[in-house]
Amino acid sequence: MKSILVIDDEEKLRGLLSRILRSEGFEVTEAGDGKSGLKKLALENIDVVLCDVKLPDANGVQLVQQIKTTYPQVEIILLTAYGNIADGVQAIKNGAFDYITKGDDNDKIVPLLHRALEKAQLQKRVQELEKRVGEKYSFKTISSKSKAIQDAIELAQKVAPVDTSVLLTGETGTGKEVFAQAIHQASSRCGKSFVALNCSTFSKEMMESELFGHKQGSFTGATKDQKGLIEEANGGTLFLDEIGEMPLELQAKLLRVLETSEFIKVGDTKASKSNFRLIAATNRDLKKESEEHRFRSDLYFRLNIFEIYLPALRERVKDIRVLAELFIQQFADKTNKQPPHMSEAFLERLQAYHWPGNIRELKNIIERAVILSSGSELTTDQLPADVNAAPSKQQSLSAFDLASVEKLHIQRVLNHTRNNKAEAARLLNIGTATLYRKIDEYGL
């Protein structure tokens, strides 16, 4: 619908203009002053405002700024009886679409309205898309019945509005990027870019260029200036996944950026600036890595302002059904199938498996099962051999078997230390090498 609000205190002129616009197919709402015009905007879905500059209770030039502040997607065309260059310039600065003179420009109003309408409707579509993106990556999309995940969500929601660095820890595949996206969407930077880099996928030279950008001719193949991700993230969020894999030399450069907001592109001599929020993730014990000089301790303390630990899938067995059902629905929609339900045996196999690849592995296995299924039920026939071979709960744990008791105790200590092997070995009063051997022996 092409909805126009005409604000003019001259009733006859307003009525004439409204009749002309209705004959052109516009839906027209009228108001005689600024106050009633603002009320109409609050109650109705208006696309374009056609407003007189001289109103009994307001100046149209100032009214533009007020309307654009509250309704940024609405376009405004100002009408004036006497053209005034200063007013015209100020109106455009305040956000007006155009500023025209009554009488002389009557033939221009309808084409101008169509152009303003196109812009307003485009802005509404962009706003709707941004809303959908925000919903897709919000905390509401994180499905879990696990208290550990609910606690992690609560921490993330508290830190999201605060413009500080966040360190997400946990095994690979536990959903760290999902949390990073949700934190970004819940922050004041949500309207800007979310830029991600996996530090384990690049050589030192390539990573430096990706992060900091480069100047033309700075190395073989650098045929033009290239922005780095730090510059791309200006105003938004930079997510560095597997930051524990970053070479020490680049860690020093990243620390400088975090402390000064300045960076130097490869092959450049002058510093550039970027204001971004850093969210980092790792599956390593960075404290131990820093103590053993494999990770800079100053960067570790800079990153570790706010840590959120995401538990492994095997530590949140209650979530396996929830996540599996979510993935079944997603992949059934993708393959135009009716979503099959899981047989009891299928679900039991999923819950007994130790999930070294965590949620990512579960998602891949469910996709495979949905593709292979030909009926209304997922059975163990659609599961990979290693998942089917996982011992059931009854097989894996006995109250009277010494090995089972030891396995359970080690798992509990690892959970308590958030998988910190050195700390777990200390608490268990055994050597680290012994702990690693038992982890391998019990498949923990």
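The values are calculated or read from the model by the stated rules, or taken from the named source; none is laboratory data. Given the structure is predicted, the values throughout are model-derived calculations rather than measurements. Note that each Cβ is placed from the backbone with ideal geometry, even for glycine, and that neighbours are counted across all protein chains shown. Surface areas here come from the heavy atoms of the whole protein model, side chains and all, with no ligands, DNA or RNA. Shrake-Rupley method; radii C 1.70, N 1.55, O 1.52, S 1.80 Å.
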Whole-number percent relative contact order across the chain, with pairs defined as alpha carbons under 8 Å at least 6 apart: 11 percent
Dipole moment magnitude, nearest 20 debye, the stretch 296-425 about Cα centre, only Lys, Arg, Asp, Glu C-beta charged: 340 debye
Exposed trypsin sites (Lys or Arg not before Pro) absent: longest stretch of the chain, with sites in DSSP loops and at most 10 other Cβ within 10 Å deemed exposed: 1-223
C-alpha long axis of helix 176-185 to longest principal axis of the chain, angle in °: 20 degrees
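Among rounded, prolate and oblate, which fits the stretch 267-343 when a ≥ b ≥ c are the square roots of the eigenvalues of its C-alpha gyration tensor, a/c under 1.5 means rounded, and a/b larger than b/c means prolate?
Here the stretch 267-343 falls in the oblate category.
How big is the charge dipole of the chain about its Cα centre, in debye rounded to the nearest 20, if each Lys and Arg gets +1 on its Cβ and each Asp and Glu gets -1 on its Cβ?
On the way: 61 positive and 62 negative charges, 117 e Å.
Computed about the Cα centre, the dipole is about 560 debye.
Mind listing which chymotrypsin sites (Phe, Trp or Tyr not before Pro) in the stretch 21-123 are in a DSSP loop and have 13 or fewer other Cβ atoms within 10 Å?
Working: sites: PHE26, TYR82, PHE97, TYR99; in loops: PHE26, TYR82, PHE97.
Within the stretch 21-123, the qualifying chymotrypsin sites (Phe, Trp or Tyr not before Pro) (loop, at most 13 other Cβ atoms within 10 Å) are TYR82.
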Per-residue [θ]222 nm for the chain (sum of -39500 (n - 2.57) over DSSP H runs n ≥ 4, rounded to 500): -15000 deg cm²/dmol
Residues with amide H under 5 Å from that of ILE308, placed H, sequence gap 5 or more: LEU167, LEU168, THR169
Charge dipole of the chain about the Cα centre (unit charges at C-beta), most positive-ward option of LEU428, GLY95, PRO247: LEU428
Folded to 0 to 90 degrees: helix 60-70 orientation relative to the chain principal axis, Cα: 20 degrees
Cβ-based charge dipole, the chain, positive-most Cα from LEU117, ASN198, PRO56: ASN198
Reduced Cα scattering model of the chain, Debye log10 I(q)/I(0), q = 0.08, 0.13, 0.14 Å⁻¹: -0.70, -1.13, -1.21
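How long is the gain from GLU10 to ASN84 if the chain were fully straight, where each residue apart is worth 0.36 nm and the alpha carbon distance is subtracted? Let's see the in-between values first.
Working: separation 74, 0.36 × 74 = 26.64 nm, distance 1.99 nm.
Using 0.36 nm per residue and subtracting the Cα-Cα distance, I get 24.6 nm.
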Helix axis angle, 248-260 relative to the chain longest principal axis, alpha carbon, degrees: 40 degrees
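What ranking of HIS293, HIS354 comes out by heavy-atom accessible area, probe 1.4 Å, highest first? The partial results should precede the final answer.
Numbers: HIS293 150, HIS354 80 Å².
Result of the area sort, largest leading: HIS293, HIS354.
First measure r as the distance between the Cβ atoms of GLU344 and ASP440, then evaluate 1/(1 + (r/R0)^6) with R0 = 30 Å and state the FRET efficiency to the nearest 0.05.
0.45
Of the cross-linked pairs LYS176/LYS288; LYS287/LYS318; LYS93/LYS270; LYS119/LYS215; LYS2/LYS39; LYS39/LYS108, which ones have a Cα-Cα span greater than 25 Å in the structure shown?
Result: LYS287/LYS318; LYS93/LYS270; LYS119/LYS215; LYS39/LYS108 exceed 25 Å.
Report the FRET efficiency, 1/(1 + (r/R0)^6), for GLU307 and ASN59, where r is their Cβ-Cβ distance and R0 is 45 Å, rounded to 0.05. Before the final figure, lay out each step's value.
Numbers: r = 53 Å, r/R0 = 1.18.
For GLU307 and ASN59, the calculated efficiency is 0.25.
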For the stretch 217-367, Kirkwood radius (reciprocal of mean inverse C-alpha pair distance, Å): 19.1 Å
